[in-house]
Amino acid sequence: MSLLILAIITATPRTLPAALASARSGDTIRLAESSYRDVRIDRTFSPAVTIEATDTIVRGLRIAGGGVLWRGGTVSAPAGRNGFAAAGYAALVTGQNVTFSGTTFTNAKKAMVLDRAKGVTVMDSSFLRNGEDGIIASRTTRLTVLRSRFALTMAKPSSCTTVGGIVYRVTRRECLARAGIWVDGYHPDAVQMRNGVTDVLLSGNVVEGMTQGLTQMATTGDAPLARVRIEGNTVAADGHHITLADCSGCIIRNNVVRRWRRNTYKAVIRPGAARRCENQAQDEPDDGPCR
């Protein structure tokens, strides 16, 4: 019987690419305290490789491989919260079996983008001061988000340019009435699911601030969702708090929903085809018990 000896590898911004290329499944890569840029993990590990990222800042993380446990650290976008396309993503995951634990995602337009990913878990993490979505998932299966916080969203507002100057946070209709040129702002969501996302658990999370909450926001031609569980979350938002639409085998239960401060947007749950029970929403009667 051969004995597998696992290694602990210390890496710096200069040596990290070589460390990832030479690491064996089950190894731990400990990142030296520093700032890293454009970190890419294309290999697949089984058992997972652990990335200890405490006291680091990573600007741009891309995981196309899999079998990764990422612990701690801060992940932001290369171009910040107004970055264009991928330059505005803190983390892009297109691989499988990836876990983030105790990580802060900040200063990104979209903090985490999941596309055709499988088996992604986010736990005990924070999504702070981002411009748009905390997590946006499409064509993804087996997504779990636990005990994480989404707050302090800093979305770019809509703008209206008139002969008298620029006015922010007005509707298109109001802008046209002023003979202005209107530019739409961002529409942030804490967790947005669309186009065939399946087998999801969102549990124990806190959403607060100028954002929408836990939502299905689809566009024409998107596939429906399936087997989504939204349980035990607290959502204080200024838009859609908890919203599902075309979602089969889905349940919304034991959540607390309220308005964000003095916002006038009603705090309600829009379940679509999902079952709902044991929720407390500020602007509608409490649900009955789950049966």
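The values are calculated or read from the model by the stated rules, or taken from the named source; none is laboratory data. Predicted, not measured: the structure shown is a model, and the values here were computed from it. Every residue, glycine as well, gets a Cβ built from its backbone with ideal geometry; the counts of neighbours run over all protein chains shown. These accessible areas exclude ligands, DNA and RNA; they are computed on the full protein's heavy atoms, side chains included. Shrake-Rupley method; radii C 1.70, N 1.55, O 1.52, S 1.80 Å.
The residues on offer are ALA23, ALA79, ALA53, ALA90, and the sole one that is surrounded by fewer than 20 Cβ atoms within 10 Å (Cβ to Cβ) and among the small types (Gly, Ala, Ser) is ALA79.
Here ALA274 meets the list (1) surrounded by 15 or more Cβ atoms within 10 Å (Cβ to Cβ); (2) over 21 Å from VAL197 (Cβ atoms) almost entirely, failing just condition (2).
Within the set GLY95, GLY165, the sole residue that is on the phi > 0 side of the Ramachandran plot and among the small types (Gly, Ala, Ser) turns out to be GLY165. Working carefully through the options ALA48, ALA11, find the one that is open to solvent by less than 30 Å² (accessible area, probe 1.4 Å) and either in contact with a strand residue (DSSP E or B) (Cβ under 6 Å, 6 or more places away or on another chain) or not small (Gly, Ala, Ser) (or both). None of the other options fit; the residue is ALA11. Within the stretch 93-135, the set of residues being open to solvent by 10 Å² or more (accessible area, probe 1.4 Å), more than 26 Å from ALA223 (Cα to Cα) and either free of Cβ contacts under 8 Å to residues at least 12 places away in the same chain or touching a helix residue (DSSP H, G or I) at 6+ places or on another chain (Cβ under 9 Å) (or both) comprises THR106, ASN107, ARG129. If you filter the stretch 166-219 down to residues that are in a strand (DSSP E or B), among the β-branched types (Val, Ile, Thr) and closer than 30 Å to ASN279 by Cα, you find that the one that is most open to solvent (accessible area, probe 1.4 Å) is VAL206. Taken together, the residues in the stretch 220-259 that are open to solvent by 50 Å² or more (accessible area, probe 1.4 Å), part of a loop (DSSP other than H, G, I, E, B) and of a type in the set (S, T, N, Q) amount to 2. Among residues of the stretch 154-182 that are in contact (Cβ under 8 Å) with a residue 40 or more places away in the chain, those with a Cβ under 6 angstrom from a residue that is outside any helix (DSSP H, G or I) and open to solvent by 90 Å² or more (accessible area, probe 1.4 Å), sequence gap 6+ or separate chain, pair up as MET154/ARG129. Would you confirm, using the coordinates I've provided, whether ILE57 is without any contact (Cβ under 8 Å) to a residue 40 or more places away in the chain and either of a type in the set (A, V, I, L, M, F, W, C) or touching a His at 6+ places or on another chain (Cβ under 7 Å) (or both)? It is true that ILE57 is without any contact (Cβ under 8 Å) to a residue 40 or more places away in the chain and either of a type in the set (A, V, I, L, M, F, W, C) or touching a His at 6+ places or on another chain (Cβ under 7 Å) (or both).
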